[in-house]
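The values are calculated or read from the model by the stated rules, or taken from the named source; none is laboratory data. Nothing here was measured: the structure is a model prediction, and the numbers come from that model. Every residue, glycine as well, gets a Cβ built from its backbone with ideal geometry; the counts of neighbours run over all protein chains shown.
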Amino acid sequence: MQNNNIQWYYVKNGIKQGPINNEEFQDLVINKIIEDNTLVWNQKMDNWKEYKLCNNEPSVITEIIAEEIDNSEMYCFQCGKVFQKEKMFRYNDNWICEECNPVFVKNLSKSIIKTHNSEYGGFWVRYFAKMIDIFFICLIIFAYKTIIWSISLLYPISSFSYIILDNLYNYSNVFISAFYSIIFVGKYGATPGKMFYRLKIVNSDKTEVSYLTAAGRHFSEYLSSLILCIGYIIAVFDLKRRTLHDRICNTLVIRY
Ligand SMILES: [Zn+2]
């Protein structure tokens, strides 16, 4: 069918992908690889458009064909064949034939389950994860300070090494919490608190974060806690539950 001859292209991470046929294209839409703001194009379109703007671009195809066929007939969204509307099912602006309907419904429910499972970590679950991490960090700092303190008591030291030791002691909060989050997030994508709640930090394209991103995210978290933790609170109002440091580092916190 003509519908299957359509060659689609789309832009992912700044790179043009394709060509893919209509069926592959619909799969990518269902699996959210092509999202509302993804640029898409096929040979029937004048220009690249955001997917949401062409709101089911097969309508372009359907329009062309609609002129040729009786108004009471419609193209099946899934297989592209023409059927009488009265024998078809409607889902949003899409018409599905009797034959394709079971498969379509199955795919649809699969994609709903998938979206549900990968939903973003909300404010409170992340808050409790953070409390667990703070508890561990305090334990480590306590152990560390005890060791440094014991050393300074047991061994007489020069004033120079005393300054070093004093700084190691006073700034331990800063570098212990940095090591803690950079090592865990860089290696596992999550701190122990996040692991406990099955949360994972990923890049916005859902790939694993690097140590560099982990470090950037840790230090931009200081910004989030400045000004009454507004950087954290904005996650409540964000659809993807992004904090300020998520936005700065282009990361997401997902549930798995
Ligand atoms: Zn069909």
Residue list for the stretch 105-123, filter: at pLDDT 80 or above and either within 10 Å of the ligand (Cβ to nearest atom) or not hydrophobic (A, V, I, L, M, F, W, C) (or both) = 120, 121, 122
note = Among (1) part of a loop (DSSP other than H, G, I, E, B); (2) touching a residue at least 60 places away in the same chain (Cβ under 8 Å); (3) farther than 23 Å from residue 35 by Cα, residue 190 falls short only on (2)
task = Considering (1) of a type outside the set (Phe, Trp, Tyr); (2) modelled with pLDDT of 95 or more; (3) within 20 Å of the chain's Cα centre (by Cα), say which one residue 183 fails and leave the rest.
result = (3)
request  = Search the stretch 208-230 for residues that are within 16 Å of residue 127 (Cα to Cα) and pair each with any residue that is of a type in the set (Gly, Ala, Ser) when their beta-carbon atoms are under 6 Å apart and the residues are at least 6 apart or on different chains.
outcome  = 218/178; 218/181; 224/231
